[in-house]
Amino acid sequence: MRIGVLALQGAFREHCRMLAELGLQAVEIRKAVELEDIEGLILPGGESTAIGKMLNDWGLMGTVRARAARGMAVYGTCAGMILLAKEIIDSEQPRLGLMDITVRRNAFGRQCESFEADLSVNEFGVEPVRAVFIRAPYIEAAGPAVQIMAKVNDKIVIARQDKLLVTAFHPELTRDLRIHEYFIKMIKE
Ligand SMILES: NC(=O)CC[C@H](N)C(=O)O
């Protein structure tokens with residue numbers, strides 16, 4: 001299985017390392033042609049305005065949308081989650097806009113711009129997921145097709161809609177492979 005990691009900006013190398021630990025060769029994606037023979041795509045954390053602009057400038061925006069419409073699975077972490085959202089509060093920034101969620105950027109406030117939390121996630125069993133939040137967004141509203149998988153302080157931080165998965169935090173900065181494993185399972189479904 002070939003999984004692409006969008007490699008324009010942000011924490012893409014860490015995602016490639018996670019995939020390598022799971023025995024998969026990640027494909028770094030910088031050009032539209034590189035999207036052709038991947039079965040899943042990871043959008044890393046970083047700066048969503050910069051990545052969105054580069055998706056446009058590098059001619060990737062339309063191709064990613066088209067591939068997703070034909071069933072390619074997409075997993076967005078943090079800035080990647082913002083890029084997948086249909087609505088971004090107080091922002092007109094470029095986005096893929098594939099998932100029926102409304103997100104708020106830098107949403108957890110100044111005093112805890114970066115923090116860690118233990119999340120209980122039904123899909124991953126009793127062992128909590130240690131989640132690293134870095135100037136993280138959260139999901140403020142989600143449409144009926146969206147499955148809410150975890151919250152922190154009552155805010156949605158993991159969600160899924162069909163073949164789209166988002167986390168507000170960075171699993172690639174921990175040793176916990178379960179979310180990447182879950183994404184691989186989603187691709188195979
Ligand atoms: N860790 C991250 O990806 C931060 C996201 C960043 N604050 C943004 O709005 O794009």
#### Entry: Scope the range 80-98; condition within 16 Å of the ligand (Cβ to nearest atom), among the hydrophobic types (A, V, I, L, M, F, W, C) and surrounded by 18 or more Cβ atoms within 10 Å (Cβ to Cβ); matching residues
MET81, ILE82, LEU83, LEU84, ALA85, ILE88, LEU96
### Task
Kindly indicate whether LEU119 is away from the ligand (no atom under 11 Å from the Cβ) and surrounded by 20 or more Cβ atoms within 10 Å (Cβ to Cβ).
no
### Message
Which pairs turn up if I take residues in the range 8-22 that are in contact (Cβ under 8 Å) with a residue 40 or more places away in the chain and look for partners that are more than 12 Å from the ligand (Cβ to nearest atom) and among the acidic types (Asp, Glu) with beta carbon separation below 9 Å, at least 6 apart in sequence or on another chain?
### Response
LEU22/GLU181
### Scope the range 45-79; condition away from the ligand (no atom under 13 Å from the Cβ) and of a type in the set (Ser, Thr, Tyr); matching residues
THR63, TYR75
### Tally, over the range 1-40, of residues that are more than 16 Å from the ligand (Cβ to nearest atom) and within 21 Å of ARG65 (Cα to Cα)
19
### Message
Just to be sure I understand the filter: pairs with C-beta atoms under 9 Å, separated by 6 or more residues or on different chains, first member in the range 123-148 and touching a residue at least 12 places away in the same chain (Cβ under 8 Å) and closer than 21 Å to ASP162 by Cβ, second member away from the ligand (no atom under 16 Å from the Cβ) and among the aromatic types (Phe, Trp, Tyr). Which pairs pass?
### Response
GLU123/TYR182; PHE124/TYR182
### Query
Of all residues in the range 115-132, which are of a type in the set (Phe, Trp, Tyr) and part of a strand (DSSP E or B)?
PHE115
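From GLU21, GLU47, GLU113, GLU28, grab the single residue that is in contact with a strand residue (DSSP E or B) (Cβ under 9 Å, 6 or more places away or on another chain), modelled with pLDDT of 95 or more, under 28 Å from ASP176 (Cα atoms) and surrounded by fewer than 24 Cβ atoms within 10 Å (Cβ to Cβ).
GLU28
The values are calculated or read from the model by the stated rules, or taken from the named source; none is laboratory data. Fair warning: this is a prediction, and the values are worked out from it, not measured in the lab. Neighbour counts run over all protein chains shown; Cβ positions are idealised from the backbone, glycine included.
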